[in-house]
Amino acid sequence: MDKKRGFEIAKGFEDKGINLPERKTKFSAGYDVEAAEDCIIPSFKKGNKPTLVKTGIKAYMQDDEVLILCNRSSNAGKKGLVMANGIGIIDKDYYGNPDNDGHFMFSFFNIKEEDIEIKKGDVIGQAIFQKYLVTDDDSAEGERVGGFGSTSK
């Protein structure tokens with residue numbers, strides 16, 4: 001089978017009972033992504049760093065595609081969870097990188113007054129594969145040298 005795009009279990013999570021993301025209806029754009037383990041997202045206080053929620057998943061795709069990580073529509077109202085970066089961008093060359101094998105995570109702030117508990121298997125967000133375009137004069141030739149936050153290094 002010729003692999004075009006999809007999800008795999010990231011290294012270190014092979015025996016953790018991780019479920020690959022799924023679309024729940026035939027017209028859903030997003031694949032529901034679950035938390036790989038229990039975690040607590042503390043109530044927001046000035047100076048807090050966002051909490052990275054592990055998924056145990058990596059994604060592969062075509063050269064002109066990106067994976068967009070989006071919050072669940074119910075997360076902000078029900079759980080007070082907002083994505084620290086608005087949306088997450090997972091580039092093709094993030095897959096299999098030497099730092100973390102391409103394991104992607106969701107970055108959350110909790111705007112509620114109480115801490116929020118995320119349980120393993122809770123749906124925490126959605127992942128959408130998308131085509132992208134480049135400009136006529138694009139000349140990018142750099143290569144990824146690491147994992148999370150490594151694009152500008």
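Of all the listed residues (Asn48, Asn71), the sole one being in contact with a strand residue (DSSP E or B) (Cβ under 8 Å, 6 or more places away or on another chain), loosely packed, with under 14 Cβ neighbours inside 10 Å, within 14 Å of Phe108 (Cα to Cα) and of a type outside the set (Val, Ile, Thr) is Asn48.
Here Gly77 clears all of (1) more than 21 Å from Ile9 (Cα to Cα); (2) under 18 Å from the mean Cα position of the chain (by Cα); (3) not aromatic (Phe, Trp, Tyr) except the condition numbered (2). Of all residue pairs spaced 6 or more apart or on separate chains, those with beta-carbon atoms under 8 Å, a first member in the range 5-20 that is of a type in the set (S, T, N, Q) and a second member that is surrounded by 13 or more Cβ atoms within 10 Å (Cβ to Cβ) are Asn19/Glu34; Asn19/Gly121. Of the residues in the range 8-17, not one is farther than 13 Å from Gly125 by Cβ, outside any loop (DSSP other than H, G, I, E, B) and aromatic (Phe, Trp, Tyr). In this structure, does Phe108 turn out to be among the hydrophobic types (A, V, I, L, M, F, W, C) and either under 21 Å from Gly47 (Cβ atoms) or in contact with a Cys (Cβ under 8 Å, 6 or more places away or on another chain) (or both)? Criteria met by Phe108. Just to be sure, is Gly102 of a type outside the set (A, V, I, L, M), in contact with a strand residue (DSSP E or B) (Cβ under 8 Å, 6 or more places away or on another chain) and within 25 Å of Glu14 (Cβ to Cβ)? Answer is yes for this residue.
Condition check ((1) at pLDDT 95 or above; (2) of a type outside the set (Asp, Glu); (3) in contact with a Lys or Arg (Cβ under 7 Å, 6 or more places away or on another chain)) across all residues:
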residue: Val53; (1), (2), (3): yes, yes, no
residue: Lys58; (1), (2), (3): yes, yes, no
residue: Ala84; (1), (2), (3): yes, yes, no
residue: Val123; (1), (2), (3): yes, yes, yes
residue: Asp137; (1), (2), (3): no, no, no
residue: Gly146; (1), (2), (3): no, yes, yes
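Screening Glu37 with (1) exposed (fewer than 12 other Cβ atoms within 10 Å of the Cβ); (2) out of contact with any Ser or Thr (no Cβ under 9 Å at 6 or more places or on another chain) gives one miss only, at (1). Restricting attention to the range 18-33 and to residues that are within 13 Å of the chain's Cα centre (by Cα) and outside any loop (DSSP other than H, G, I, E, B), the residue that is surrounded by the fewest Cβ atoms within 10 Å (Cβ to Cβ) turns out to be Asp32.
The values are calculated or read from the model by the stated rules, or taken from the named source; none is laboratory data. All figures in this text were calculated on a predicted structure; none of them were measured in a lab. Note: ideal-geometry Cβ built from the backbone for every residue, glycine included; neighbour counts use all protein chains shown.
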